[in-house]
Amino acid sequence: MSDGGANNGVSYAIDARGLTKIYDGRAVVDHVDIQVPRGKIYGFLGPNGSGKTTSIRLLCGLLTPDDGTGSCLGMDLRTHAAQIKRRVGYMTQRFSLWDDLSIRENLQFVTEMYGLDRPRERAQDALKALGLAERAEQLAGQLSGGWKQRLSLAACTIHNPDLLLLDEPTAGVDPKARREFWDEIHRLAASGLTVLVSTHYMDEAERCHEIIYMAYGKIVARGSVDDVIGHAGLSTWALYARDLNALRRELEKDPAVSTLASFGESLHVSGTDAKALEAALKGYETQPGFAAERIATSLEDVFIHYMAGVKDNFA
Amino acid sequence: MTQEGKKIREGFSLRRAYALMKKEFIQLKRDKMTLRMIVMIPIIQILLFGYALNNDPKHLPTAVLAQDHSVFARSFVAGLVNTDYFAVTREPKSAAAAQRLLREGQVQFVVTIPENFGRDIVRGQKPQALIEADATDPTAISGPIAAAQGVFSTAFARDFTGPLAYLKGRQGSLSVEVHRMYNPEGFTRYNILPGLMGIILTMTGIMMTAMAITRERERGTMENLLSMPVRPLEVMIGKIMPYVLIGYIQAAIIVFLGEALFGVPVIGSLVLLSAVLVVFIACNLALGYLLSASAQNQTQAIQMSIMVLMPSILLSGFLFPFRGMPHWAQDIGSFLPATYFIRISRGILLKGDGFMDIWQNFWPLLAFMVVITVIATKRYRQTLD
Ligand SMILES: Nc1ncnc2c1ncn2[C@@H]1O[C@H](COP(=O)(O)OP(=O)(O)OP(=O)(O)O)[C@@H](O)[C@H]1O
Ligand SMILES: [Mg+2]
């Protein structure tokens, strides 16, 4: 077993090319290339139904690809699914531990499934680390949503995997727990673990080394957050006016504007053509209380811009 | 981390199978409703079928073919009715009509009073009457026939007075003809009980395993299970073992209640029966496991289980004598494990059959078990596709 796919001197934990999954004649994941170097944290973003979960399932051998090739930790996806499973930790989007087992029983069961020694001690250690030692005998189904997520994370890392595939692990988790979660992810990555994590939170995207943005089954953008923002070539302005709603209605019709978002006191507009947008904004200066201020484009602006663009391509 | 990797075992792991089994037991333990059903199903079924175990049925439908209309003939029939065993429901006009009634199961007995019945009595010749019985249920007819023999000594008491007093004490005779052709296997009422064992084990075995697996799929826990390095055979063993125990519990309830409440005898070896049980239970569990591969949810699992259960009830020889069924039905029945198990359990419990006696029905069960298990593990999908 080699120690991972190597390419241009970079060792990849995930190296998949042309991955495709077809449901009912529709390519839900459409010739997707995903490369994640070892020890890195990659964020997987995209609107609902874009194919993130399906891609992750393809990567951990839960689905058979209809096309494409790939390897995880240097092992072929199609032929070595069983070996890959031993070294990958997968956290499902939907809570998938056993509701009618206690927290301890769940952790111990997972430990035993990976064939690890001392399952009792390991489960106990995980319980302590989680801070759930006192509630160990409570049924997992009775936990709150956030605690379920934290238990799932503990369960999928209990066998010290080399690759973590996390599908929206922090959905419904409170800010403090989220921060702890990300600190933990970074600590694990520092020790060599590779992480692919899907999320809808922009602040989490910024905590990743790189992000992959997917829409309608295709990868639309990838790279570091700054790269992705830079490549989008958007210029963004914050606008102020006495009647923001009226201004918004006008701007919606303006061809120079590609995305619009209301932010309380202000309106953020972005456009791909900086000059055209600036010129267009000049036309609104007569509006009462109008003010315009050039601001940095955010990741969210970029994503919304992409979503609109891809939709046009598909229409 | 690589050290960790080395500790992970390759191939089939008994420990993993054991852990899966433990998990199933814990889940079962917490499912109080299912636990109750496991015990209640055999109890309720036995009580429901209990009436059929009633071993001394009365007022059985009888056709009287009277070719003689003397007072003696009428006395004889009245005597039969007075035994409480016979209820004259038909009076066919010809022997052919009487045979048809018997064949169609409309009557249990045909009593034929020959011509000259009265004349023979008066002449001091021994009177003859014929009773033909449907032997579909031999235990049901033994009581009535014995009682009918006695009728000759009592029925004519009133008639043998005055000038006929000299006839007193002369025993008439009854010739009895039991038509075995309707039941060459000697199907008895007791047969219900070992049969019920086969049916209940089929029902709970198939349904419970099919549900145990589709439940994982429905709740989304299957995705988790499949993402871990678990082998199909391990899952199968882990899922099936708890239900083997349950099958034994149910079988024990049936044998115990059958004996305690209805006096159904246990003639053969319970050890031999236990050995057969393990194979039969495994057959059903593997079948349930196989069905679950195609079921998306628990409702579908139940519906598919019923598709196996219905023929097992109707075509296995549980309700109707197997050899009496049309050939196509026998052919279907030959592909049901219950058919073979019911024969074996009847043989052991009611006739005291030994291993050599049951072998011809035991090897098909073994074959079923192997074939179904192999197909089930092959069909088990290790992906979510
Ligand atoms: N088993 C399936 N059968 C048919 N279609 C499916 C199946 N699973 C997913 N899909 C479709 O594939 C598409 C992608 O789904 P997927 O779950 O991968 O999206 P996602 O990016 O994870 O979305 P979300 O952010 O909402 O979790 C959706 O349109 C979905 O309807
Ligand atoms: Mg998803």
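The values are calculated or read from the model by the stated rules, or taken from the named source; none is laboratory data. Note that the structure is predicted; figures quoted are calculated from it, not measured. Positions of Cβ are backbone-derived with ideal geometry, glycine not excepted, and every protein chain shown enters the neighbour counts.
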* Residues that are within 16 Å of ligand 2 (Cβ to nearest atom): find the helices (runs of 4 or more DSSP H) completely inside the range A:1-116 holding 3 or more of those. => A:52-59
* Identify, by number, the condition in (1) closer than 20 Å to residue A:155 by Cβ; (2) facing another protein chain (nearest Cβ under 10 Å) that residue A:21 doesn't meet. => (1)
* Asked: Would you pick out the residues in the range A:97-140 that are in contact with a strand residue (DSSP E or B) (Cβ under 8 Å, 6 or more places away or on another chain) and within 10 Å of chain B (Cβ to nearest Cβ)?
  -> A:99, A:100, A:101, A:102, A:139
* Would you confirm whether any residue within the range B:310-332 is crowded, with 21+ Cβ neighbours inside 10 Å and over 25 Å from residue B:270 (Cβ atoms)? => yes
* **Exclusive hit being modelled with pLDDT of 80 or more and away from every other protein chain (no Cβ under 14 Å), set B:216, B:259, B:185** => B:259
* Any idea which of (1) more than 16 Å from ligand 1 (Cβ to nearest atom); (2) in contact (Cβ under 8 Å) with a residue 12 or more places away in the chain; (3) more than 11 Å from chain B (Cβ to nearest Cβ) is the one residue A:192 doesn't satisfy? -> (3)
* Does residue A:154 meet the test of being surrounded by fewer than 20 Cβ atoms within 10 Å (Cβ to Cβ), under 24 Å from residue A:86 (Cβ atoms), more than 16 Å from ligand 2 (Cβ to nearest atom) and within 14 Å of chain B (Cβ to nearest Cβ)? -> no
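Residue check: is residue B:206 modelled with pLDDT of 90 or more, touching a Gly at 6+ places or on another chain (Cβ under 7 Å) and in the same structural domain as residue B:373 (by TED's automatic domain parsing)?
yes
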* Go through the range B:79-94 and give me each residue that's surrounded by 14 or more Cβ atoms within 10 Å (Cβ to Cβ) and among the small types (Gly, Ala, Ser). => B:79, B:87
* To do: Only one of these is touching a residue at least 24 places away in the same chain (Cβ under 8 Å) and under 11 Å from the mean Cα position of the chain (by Cα): B:337, B:311, B:321. Name it.
  => B:321
* Only one of (1) surrounded by fewer than 23 Cβ atoms within 10 Å (Cβ to Cβ); (2) within 21 Å of residue A:171 (Cβ to Cβ); (3) of a type outside the set (Gly, Ala, Ser); (4) more than 16 Å from ligand 1 (Cβ to nearest atom) is not met by residue A:103, so which one is it? -> (1)
* Does residue B:153 qualify as being surrounded by fewer than 19 Cβ atoms within 10 Å (Cβ to Cβ), among the hydroxyl-bearing types (Ser, Thr, Tyr) and either modelled with pLDDT of 75 or more or over 30 Å from residue B:192 (Cβ atoms) (or both)? -> yes
* Working carefully through the options A:25, A:43, A:18, find the one that is crowded, with 23+ Cβ neighbours inside 10 Å and either within 16 Å of ligand 1 (Cβ to nearest atom) or more than 19 Å from the chain's Cα centre (by Cα) (or both). => A:43
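This table checks each residue for (1) among the aromatic types (Phe, Trp, Tyr); (2) out of contact with any Pro (no Cβ under 8 Å at 6 or more places or on another chain).
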| position | (1), (2) |
| --- | --- |
| B:344 | no, yes |
| B:357 | no, yes |
| B:362 | yes, yes |
| B:366 | no, yes |
| B:373 | no, yes |
| B:377 | no, no |
| B:383 | no, yes |
